[in-house]
Structures are given as structure tokens and as C-alpha cells.
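Visitor: Can you keep this structure in mind? I'll have questions shortly.
The values are calculated or read from the model by the stated rules, or taken from the named source; none is laboratory data. Computed from a predicted model, the values in this text were never measured in an experiment. Cβ placement follows ideal geometry from the backbone for every residue including glycine, while neighbour counts extend to all protein chains displayed.
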Amino acid sequence: MSTTEAKANTAAPTIEIEGLNKWFGAFHVLRDINLAVAERERIVVCGPSGSGKSTLIRCINRLEEHQEGRIVVDGTRLTNDLKNIDAVRREVGMVFQSFNLFPHLTVIENCTLAPIWVRKTPKAEAEAVAMEYLERVKIPEQADKYPGQLSGGQQQRVAIARSLCMRPKIMLFDEPTSALDPEMIKEVLDVMVDLADTGMTMLVVTHEMGFAAQVADRVIFMDEGQIVEQNNPDAFFNNPQSDRTKLFLSQILSH
Amino acid sequence: MSDKAFHRTHSEMLNERPAPTSTVGVIGWVRANLFGGPLNTALTLLSVLLLYWSVPPLLDWAFFSADFTGNRGSECTAEGACWAWLDQRIEQFLYGFYPQEFYWRVNLSIALLFPALAFVLFDGLPCARYGRWFSLLYPVIAATLLVGGFGLEGVTTDKFGGFMLNLVAGLSGIVLSLPVGVLLALGRRSNLPIVRYLCIGFIEFIRGVPLITLLFVAIVILQLFLPPEVSLDQLARVMIMITLFASAYMAEVIRGGLQAIPKGQYEAAQAMGLNYWKSMRLIILPQVLKISIPGIVNTFIGLFKDTTLVIIIGLFDILGQARLLQTNPEWIGKVDHETFMLAALFFFVICFSISRYSIRLERRLDTNKR
């Protein structure tokens, strides 16, 4: 039994997914997913495009609605009840592939908007917290610029700081480095490694296998809407069990 | 040897140099934009020729050979324009039949309009906080000044006229049509089918019917459905109809803007826990209004010019005053061009100002400049 599973068994999981099924129209995109994420656990989800990995993590903060199954996040079950959805979204931060910073607001305004309007934090306090996180992602000097004036890597670091300003318990990353130029990937991954070191619960959809090997407690491989294989990174990369995992790894690691 | 052939190293980076003088400055601009090729040169010369043919005769007609004094059309004997009527009629062109002793009330409300607009339109003014309250109160203040109340003697709206009538109807339409248009656009994209179909029905009906038809409906037919003791002011009815008409167009302009906002913006707002109205107000609408400025201004300008249709309820706006003077026996046949030109000038000044301001606003809101 891996250390991860031991951890997961000791306390109630932060995220609990049971029998999750989702369809886009007639297309069965998620098929009977079962997943428990322990507090402070770091999970990397990988798999070919169209395998449902993004859809899976988007179900966790209800950007996608699921049709069957049970999702409980931090003790709150996701249903159509808007109160529950809002409660979950307050505790779950998300970083998108395309950054999705608000272009009409400065960096600091991007970071303070949700704390002020959702958490009702006083403005001065929200700004102090924002500066603290901007320093953590190493761009405090860009606080008064607009997102359009920053490079892709800087924008993604702002997006991470913006999510952290809500002081979430869980962070979801949806291919955070896929839209970046190669020389900017590292600066974003460094920030994510730092974040992992602080003990944040993280679910990361990514193709960065180096990152997975370095920080993940567990790697999940998805294909055709199913979890095909999951293991600790060491075993996952060195001793994959399923043929599809082997094929996938050989394709992405061959360069 | 092959290695030698491919291997190059630049030990020194090149320094910046200024652009060649022939491409910058006045001479560069003239050469590039006016005489950039045979066609360009021909067009430049043709334009100069057209200006030479049209501008001097126009100036001559309007000023140098014009008559400025006289009490009736027959006293205008010069070859050029007849401006003699201006002296005694300009007040009617500006105020219509508003009582002369109360002109100050119109003047005051227009004077107060400038600070009220300034606090809304421009950033960084002193006392901006109190100023915004003043802007918010301004419609009440202006309405009181114009129609009376709070100790001021009442003036009925059928006395309104001239350019002041265009301003009153146009500005209230502009102020009201934007929020109504935004609500209609959001309603049209609502997930609630009843709201959605009501908005679609309203927008399509209003857009599908000529404005003048709506005005006739408001004036003639509406009364048939209202209880006899209810009577809505005629001018108010026209203003409501013009506003609703502009709102329907505004809604479609805003809808276009809403569709241009990437889905990720909605998702990011949702993921942060912002509810629908907050994400609309804080994230989506500021961006939508910004990219929709050209269309919004287009609708505003159209609305402002549609205020001339008050003529169908027997009110004489500035265009009506022009027609009135043209059929006046003392001036008949002498002032047809002059009066229309004055009316056109007033409209142009306002519409052009709106347009210039919108360009300024677009520049100010551009957050991509480095």
C-alpha cells in the first residue's frame, strides 16, 4: 500500500467522487469515476486529449454539471443547490489554460476582486493579502499593470496568485502551462512546486511529466472517460501496468 | 570545412539607429500620404480642386454677400444668404414657445448639465464623490426647473420647443435607453425561457415597426386602452416611445458585445464564487460596454436625431421652427436654406461632440497599450 492511500484512509477525504457519470449530449465523457483526494494530497491527472481529464476537474467546482454520481467537496455535496455550489467555489481555486485574467482590471484589482466581493474582506486588507501572494509568485512590481501588458508566464502567475487570494483549501489546475511559450513554462512550474511545498491540496491536469515526478503523490491516467491507472509517480513512470498507459508514456516521453 | 561554412558568431550586438528622415516628420507624412503614387497624387489634386470650387462660393454665400439686417424677407436684397431673421427669431429656435420670463430656468438647467455630465464622463475631477450625487440628482433638478414645482410656476410641456426640446428628449432618451437595453440584452440570453421569449418578442416587435408608427400608437391608440381619467403627458409618451425604440437597438448592440466576451471570463468569474449579477456587473458588462462603444454611440446619435419626430404631436423642435419660419408670410421664399442650415449646425455640433468623446473614451479604456 502506498503512502498516499495510507494518508487517504486516515482522515475523511477532502474531495470524494463516487460513481460519477457525465454526458455531453449523447457523448459519454466521464464513465463511472471513483476518486478520493486526501487533504494536502497532490494529484496529477494525465491522458490523451479528449480523455475527460479537464471535464473531471471542472466537475469539482461545478463549471460542468454531472448527471450521475456523488461529488462531495470539503463536506459539501454538489447538487443543483446554488448555496452549495457557492460554498464549494469559495474553497476551491482554479487556474485555467488560457489564464482568464480580467483584462479591464489591473493585476492587483484582479487579485482583490473576489476577496472583496465574495468574502467581504476590507479593501486594504485584501490588497495586503494580494501583495503577499504577488510576492510569492515573484511579480509584486507588476501590481498596477494591466494583464495585456504582461507576458504569458507572468499572466499565469498572476492567475495563480488571484486564486490563492481567496485562501482556498483546494487548487485545481487545468493545463496551466499548455498555452505558454517554452521559456515561460518553468517560471510557472516553479511557482506550482513552491505551492505544493506549502501543503496545498492540488489537482493538476498537465502533460509536464517532470512536474508530476517531482511533486505528485499520485498520478492518474485517464483515457476514454475512465481512470485507467493510478499509482505513485515512481511506479507509474517506471512500471506502468496497462498497455494504454505504456503507449501514452512512450508517446509523450519519446522526445 | 563544412563546420566553418555554417558557423557564425556575432560578438557585438547592433546598436539602435534613428529611422531615415524621409519616413518621419511632416515631409515624410506628406510624401507617404498625399503623393505616395500616381493614383494617390491624382486624388490629392482632385480633392484640392473640389475644395477650391466649393468652399469660396459657400463662404461668399454665407457671409460675404449675405444680408444680416432687416425686419422681413423682402429687405434681404443681397445675392447671398438672408440672416436677418436670426436677430428676432433665434430665441424661438432655441426655446420654442417657452415663456420668455422663464428662459433663465432653461439656461440654468443647461448650465447645470455640464457639471452633471462632467462628473459622469471624466475621471479625476475634484469632489468627484459629491459630484456623482449631483449627477444622479440632476434629472430631478432639471425636470423641476423645466416644468415647475417646488415653488416654481408650472410650464406645460406643449410650450417646449426649439433646440431645447431636442436636448430634453434626446438626453433623457440617451440616459434611459442604455440601462433598458442592457437589461433586454441580458434577458435575451437568460436561461429562463419566459424572460427570454418576452425579451426576444419585445426587441423584434419594436425593431420591426417604424418609429413613427409607434409614436402614432402611443398618441392615438394608447388612450383608448387607458381609463379616461388617466392622461399621460403627450411629450412623455413620445419620449418613452423614442427611448423604447432606441433600447431595442441598444439591446442588440449589447448582445453582440456579450457574445464577443470569451467563455473563460464567465468561467473565471464563476470559479471565484461570484454570482450572476456580480459577475455581470464587475466582470462582463465593463468589458461589453467598452467593446460596444461604437455601436452604442451610433444608437445614441440616431436617437438624438429621431427627436425631430416630436413634430407629429404638434410640438415645434428646432426643425419645426425652421419649417414655421419658412411658411411665415414675412419671410416666405427667403429663408429655406438658411433655417435648415442652422438646424443642421446645431445637430452636427452635438452629434460630433458625442462621437469625439466616444473616441477619447475608447482610448482611455484601452488597457493593452504598453
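Visitor: So which pairs qualify, if the first residue must be in segment B:178-203 and polar (S, T, N, Q), the second must be surrounded by 17 or more Cβ atoms within 10 Å (Cβ to Cβ), the Cβ gap must be under 8 Å, and the two must be at least 6 apart or on different chains?
Guide: If the second residue must be surrounded by 17 or more Cβ atoms within 10 Å (Cβ to Cβ), the pairs left are B:190/B:199.
Visitor: Follow-up question, since we're still on this one. If we keep just the residues of segment A:140-181 that are farther than 23 Å from residue A:196 by Cβ and either of a type in the set (A, V, I, L, M) or touching a Leu at 6+ places or on another chain (Cβ under 7 Å) (or both), which is farthest from the other protein chains (Cβ to nearest Cβ)?
Guide: Among them, the one singled out is A:143.
Visitor: Follow-up. Please find, among B:325, B:361, the residue that is in a helix (DSSP H, G or I), crowded, with 16+ Cβ neighbours inside 10 Å, aliphatic (A, V, I, L, M) and more than 14 Å from every other protein chain (Cβ to nearest Cβ). First the steps, then the outcome.
Guide: Working: B:361 fails: more than 14 Å from every other protein chain (Cβ to nearest Cβ).
Result: B:325 is the single residue among B:325, B:361 that is in a helix (DSSP H, G or I), crowded, with 16+ Cβ neighbours inside 10 Å, aliphatic (A, V, I, L, M) and more than 14 Å from every other protein chain (Cβ to nearest Cβ).
Visitor: If a residue has to be touching a helix residue (DSSP H, G or I) at 6+ places or on another chain (Cβ under 7 Å) and under 20 Å from residue B:94 (Cα atoms) to count, how many in segment B:331-353 make the cut?
Guide: Total meeting the criteria: 11.
Visitor: Restricting attention to segment B:294-307, report how many residues are surrounded by 18 or more Cβ atoms within 10 Å (Cβ to Cβ) and either out of contact with any Cys (no Cβ under 7 Å at 6 or more places or on another chain) or without any contact (Cβ under 8 Å) to a residue 60 or more places away in the chain (or both). Quick ask: steps written out before the conclusion?
Guide: Quick first cut of segment B:294-307, residues surrounded by 18 or more Cβ atoms within 10 Å (Cβ to Cβ) only: B:296-297, B:299-301, B:303-304, B:306-307.
Filter again for either out of contact with any Cys (no Cβ under 7 Å at 6 or more places or on another chain) or without any contact (Cβ under 8 Å) to a residue 60 or more places away in the chain (or both), leaving B:296-297, B:299-301, B:303, B:306-307.
Residues that pass the stated criteria total 8.
Visitor: Can you find a residue that is farther than 30 Å from residue A:168 by Cβ and more than 14 Å from every other protein chain (Cβ to nearest Cβ) anywhere in segment B:279-290?
Guide: no
Visitor: In segment B:220-236, which residue that is more than 24 Å from residue B:251 (Cβ to Cβ) and either in contact (Cβ under 8 Å) with a residue 60 or more places away in the chain or not assigned by TED's automatic domain parsing to the domain that holds residue B:252 (or both) is surrounded by the most Cβ atoms within 10 Å (Cβ to Cβ)?
Guide: Result: B:235.
Visitor: Go through segment B:197-228 and give me each residue that's part of a helix (DSSP H, G or I), within 22 Å of residue B:183 (Cβ to Cβ) and of a type in the set (Val, Ile, Thr).
Guide: Within segment B:197-228, B:200, B:203, B:206 meet the criteria.
Visitor: Determine if segment B:50-69 includes at least one residue that is loosely packed, with under 12 Cβ neighbours inside 10 Å and within 24 Å of residue B:320 (Cα to Cα).
Guide: yes
Visitor: Restricting to segment A:222-233, name every residue that is in contact with a helix residue (DSSP H, G or I) (Cβ under 8 Å, 6 or more places away or on another chain) and either under 20 Å from residue A:192 (Cα atoms) or surrounded by fewer than 17 Cβ atoms within 10 Å (Cβ to Cβ) (or both).
Guide: A:232, A:233
Visitor: Do we have any residue at all in segment B:333-340 that's of a type in the set (Asp, Glu), under 24 Å from the mean Cα position of the chain (by Cα), buried (at least 16 other Cβ atoms within 10 Å of the Cβ) and part of a helix (DSSP H, G or I)?
Guide: Scanning segment B:333-340, I find at least one residue that is of a type in the set (Asp, Glu), under 24 Å from the mean Cα position of the chain (by Cα), buried (at least 16 other Cβ atoms within 10 Å of the Cβ) and part of a helix (DSSP H, G or I), so the answer is yes.
Visitor: Further question on the same structure: If you check A:56, A:113, which single one turns out to be outside any strand (DSSP E or B) and in contact with a strand residue (DSSP E or B) (Cβ under 8 Å, 6 or more places away or on another chain)?
Guide: Checking each option against the conditions leaves just A:56.
Visitor: Are there any pairs with C-beta distances below 7 angstrom linking a residue in segment B:206-219 that is closer than 15 Å to residue B:308 by Cα and assigned by TED's automatic domain parsing to the domain that holds residue B:305 to a residue that is assigned to a helix (DSSP H, G or I) and among the charged types (D, E, K, R), with the two at least 6 apart or on different chains, and if so which?
Guide: Between residues of segment B:206-219 that are closer than 15 Å to residue B:308 by Cα and assigned by TED's automatic domain parsing to the domain that holds residue B:305 and residues that are assigned to a helix (DSSP H, G or I) and among the charged types (D, E, K, R), the close pairs are B:211/B:306.
Visitor: I'm trying to understand the selection: among the residues of segment A:116-131, which are of a type in the set (Lys, Arg) and not in a loop (DSSP other than H, G, I, E, B)?
Guide: Matches in segment A:116-131: A:123 only.
Visitor: Could you list, in sequence order, all residues of segment B:8-66 that are in contact with a Phe, Trp or Tyr (Cβ under 8 Å, 6 or more places away or on another chain) and closer than 30 Å to residue B:76 by Cβ?
Guide: B:66
Visitor: Another question, then. When you scan segment A:99-115, how many residues do you find that are more than 7 Å from chain B (Cβ to nearest Cβ) and within 23 Å of residue A:185 (Cβ to Cβ)?
Guide: 5
Visitor: Here's another thing I want to ask about it. From the list B:264, B:257, B:295, pick out the single residue that is within 14 Å of chain A (Cβ to nearest Cβ), at pLDDT 90 or above, in a helix (DSSP H, G or I) and farther than 19 Å from residue A:114 by Cβ. So that I can check it myself, show each step before the final result.
Guide: Numbers: B:264 fails: farther than 19 Å from residue A:114 by Cβ; B:295 fails: within 14 Å of chain A (Cβ to nearest Cβ).
Matching residue, one of B:264, B:257, B:295: B:257.
Visitor: Do you know which of the residues in segment A:86-98 that are of a type outside the set (Val, Ile, Thr) and at the interface with chain B (Cβ under 8 Å from one of its Cβ atoms) is nearest to residue A:179 (Cα to Cα)? Walk me through how you get there before you give the answer.
Guide: Restricting attention to segment A:86-98, the residues satisfying the condition of being of a type outside the set (Val, Ile, Thr) are A:86-87, A:89-91, A:93-94, A:96-98.
Applying the additional criterion that residues be at the interface with chain B (Cβ under 8 Å from one of its Cβ atoms) yields A:86, A:89-90, A:93-94, A:96, A:98.
Numbers: A:86: 28, A:89: 24, A:90: 26, A:93: 19, A:94: 16, A:96: 10, A:98: 6 Å.
The extreme case among them is A:98.
Visitor: Within segment A:174-192, can you find the residues that are over 22 Å from residue A:48 (Cβ atoms) and touching a Ser or Thr at 6+ places or on another chain (Cβ under 7 Å)?
Guide: Within segment A:174-192, A:184, A:188 qualify.
Visitor: Would you kindly identify the helices (runs of 4 or more DSSP H) lying entirely within segment A:139-241 that contain at least 1 residues that are touching a Pro at 6+ places or on another chain (Cβ under 8 Å)?
Guide: Details: elements: A:152-164, A:182-197, A:209-215, A:233-238.
So the answer is A:152-164, A:182-197, A:209-215.
Visitor: Related question: Which is within 10 Å of another protein chain (Cβ to nearest Cβ) and either in a loop (DSSP other than H, G, I, E, B) or surrounded by 20 or more Cβ atoms within 10 Å (Cβ to Cβ) (or both), of A:35, A:30, A:63, A:134? If you could, list the steps in order and put the result at the bottom.
Guide: Numbers: A:35 fails: within 10 Å of another protein chain (Cβ to nearest Cβ); A:30 fails: within 10 Å of another protein chain (Cβ to nearest Cβ); A:134 fails: within 10 Å of another protein chain (Cβ to nearest Cβ).
Just one listed residue meets the conditions, A:63.
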